[in-house]
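Below is one structure, written out as structure tokens, with a few remarks after it.
The values are calculated or read from the model by the stated rules, or taken from the named source; none is laboratory data. From a predicted model like this one, the values you see are computed outputs, not experimental measurements. The area values use the complete protein model at the heavy-atom level, side chains included, leaving out ligands, DNA and RNA. Shrake-Rupley method; radii C 1.70, N 1.55, O 1.52, S 1.80 Å.
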Amino acid sequence: MQNPFESGHIKNYILLYVSVVVIMVLFFIASTLFNDVKEVEKKVFDARADEVPHAKKHMKNIDEVNGSRFKLMDSAY
């Protein structure tokens, strides 16, 4: 195998590397130009649970049934 630095083929390798980089840059520019980002409106939820009548009622029912929010399995596997 010949040394590419001595035989003059290094220009071909550099040209190949530069062309791959240029193609990657062009694809990046094209993807950013033609990609339309839509504005997404932010959803705001009301965090006041005291105004929701069924929220407190549901929590009371859970505590009355078994004292826990989690139901354990009847048998272990």
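So residue 68 fits all but one of (1) open to solvent by 80 Å² or more (accessible area, probe 1.4 Å); (2) part of a loop (DSSP other than H, G, I, E, B); (3) at pLDDT below 65; what number is the exception?
Only one criterion is unmet by residue 68, namely (1).
Looking only at the range 1-30, count every residue that is among the hydrophobic types (A, V, I, L, M, F, W, C), open to solvent by less than 100 Å² (accessible area, probe 1.4 Å) and at pLDDT below 95 and tell me the total.
So the answer is 4.
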